[in-house]
Amino acid sequence: MGRAIVTLVAVDRTALESVDLLVCGCTELATPRGVDATGGTAPGELEVIECGAVAIRAGRIVAVGQEADLRSRFLADEDLDAGGGLVVPGFVDAHTHPVFAGTREEEFEMRTAGKSYVEIARAGGGIVSSVAGVRAASKETLLAGLLQRLDRFLTLGTTTVEAKTGYGLRLEDELKCLEVIAEANRTHPVRLVPTFLGAHDFPPEYRENRAAYVDLLVEEMLPTVAESGLAEYCDIFTETHVFDLADSRRILTRARELGFGLRLHVDQLTALGGAQLAAEVGARSADHLEFVDPRGIEAMAEAGVVPVLCPLVPLYLRVEQEAPARRMIDAGLAPALATDFNPGSCYCMSLPEVMTFAALRYRMSAAECLTAATLNAAVSVDRGRELGTLEVGKRADLVVLDHPNHLHLAYEFGRNPVRAVVIDGRIVHSV
Ligand code: NIG
Ligand code: FE
């Protein structure tokens, strides 16, 4: 009997298709499906495979299914044993500001003592204090800092990071930051999506002449950055104390003409109507949205804008107002979740923690959180065809977590559950 089985296996092995890597040994594999952002993912819409596995060849997923089935079809050069954990797509962080030198913990203390974000900014702190750090730092220093942060993102399961500039606010320093992002993208496994955020704030030398900085952005900075090919997106901080709606419209219209995709920081601190502007200019994403009104939600839904929610930020800024995530989902919008990692308003790189806060504050289910931090986030950076789900043909980016099922993604926080990370079919992190 034993001999018969041995013979059978030997015969089958010759007929097996070879693959580079088989991710196996998990209790559960959970993934959203498709290439478009999914609004209001019901738990049942998530594909959940008990004892699932993923077969990978040349960096792409060639099969997803029951482990027993995949083992009968594929012979792998290497197995990645999930050790009874959970396998999900790599996390996509759709909003970060990771290029800076120097941290701002003293502002955090000022806020806990009662000062507001805008008060600190008006007193010369905030974004402008990070501008001084970036202008004084060499490219090498900025790159070393970014690479170290990307290592941390990776250990937390993030495989793609949208990375904004915005602390140079002068052509040479913005280009320096974009070059740093490009260099990190070449050398670090985490993939980066570069965004030019020259309209993050008014630099100190233009405080008294704001209109001149808007002219500079439109006439010189945007065309030169477009020419460099170093940024895919243009972003802006549309808010009462920084760029108003008229300036924002002018800057974004020019950026669109030059071929940038558009993203906006809007309705974060006041109800300015930024979401409507995002819809009007055809933005890919509108981010923050704590103060968005029903008309803004409607406009975003009509224009197909992806809302990028950053639930740790109001917590960091001690702002009570919460983004109306459920109303957005009810309107058919498909929110992405992001950390907004930056030295001022969120010094946290963990999408697992963001998922817990989204569940608790925004009443998003674990399935909605997972979809928001993978597929919807990938769509918000125009990578829905390549990333965001575990499906045949997509890039093999995935995370193995020390969780028994996907509900734990929202349920547990305060411990890093990531056991292993695969990017483009390569095991780039394991513990
Ligand atoms: O997304 N809102 C503007 N930008 C960042 C804050 C950046 C900073 O304070 O350095 C944000 O919250
Ligand atoms: Fe931001």
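The values are calculated or read from the model by the stated rules, or taken from the named source; none is laboratory data. Everything quoted here is computed from the prediction, not taken from an experiment. Protein only, heavy atoms only, side chains kept; ligands, DNA and RNA dropped before computing areas. Shrake-Rupley method; radii C 1.70, N 1.55, O 1.52, S 1.80 Å.
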Residue-ordered couplings for region 132-137, obtained by feeding phi - 60° into the Karplus form 6.51 cos²θ - 1.76 cosθ + 1.60 and rounding to whole Hz (Gly and Pro as x), are 4, x, 5, 5, 7, 8
Probe 1.4 Å, all protein chains in place: accessible area of Thr155 in Å², nearest 10?
-> 50
Out of residues 5 or more away from Val418 or on other chains, whose amide H comes under 5 Å of its own, with H placed 1.01 Å from N in the peptide plane?
-> Asp402
Provide the per-residue ³J(HN,Hα) series for region 244-251, in order, calculated from phi with Karplus coefficients 6.51, -1.76, 1.60 and θ = phi - 60°, each as a whole number of Hz, with x at glycine and proline positions.
-> 7, 5, 5, 5, 4, 4, 5, 5
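Leaving ligands, DNA and RNA out of it, report the carbon-plus-sulfur percent of the accessible area of the chain at a 1.4 Å probe.
51
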Compute the accessible area per residue over the chain, keeping the other protein chains in place, probe 1.4 Å, unit Å².
-> 38
Area accessible to solvent at Asp235, 1.4 Å probe radius, in Å² | 0
Compute the Cα gyration tensor for region 155-300, then decide on rounded, prolate or oblate, letting a ≥ b ≥ c be the square roots of its eigenvalues: rounded whenever a/c is under 1.5, prolate when a/b is larger than b/c in the other cases, and oblate in all that remain.
-> oblate
Sorted by accessible area with a 1.4 angstrom probe, largest first, how do Phe291, Phe413 fall?
-> Phe413, Phe291
Whole-Hz Karplus couplings 3J(HN,Hα) for region 56-70, θ = phi - 60° and coefficients 6.51, -1.76, 1.60, Gly and Pro as x, run 10, 9, 6, x, 10, 7, 9, 6, 9, x, 5, 4, 4, 5, 5
Taking every Cα atom in the chain, find the radius of gyration and the maximum pairwise distance Dmax, and write them in Å.
-> 22.3, 88
Enumerate the amide H contacts of Val193 below 5 Å, restricted to partners 5 or more residues apart or on another chain; note that Pro and chain-start residues carry no placed amide H.
-> Val161, Glu162, Ala163
For Ala63, other-chain or 5+-apart residues with amide H closer than 5 Å (H placed, Pro excluded) are Ala55
Where is the GNM fluctuation largest for the chain (alpha-carbon springs, 10 angstrom cutoff): Cys24, Cys348, Cys234?
-> Cys348
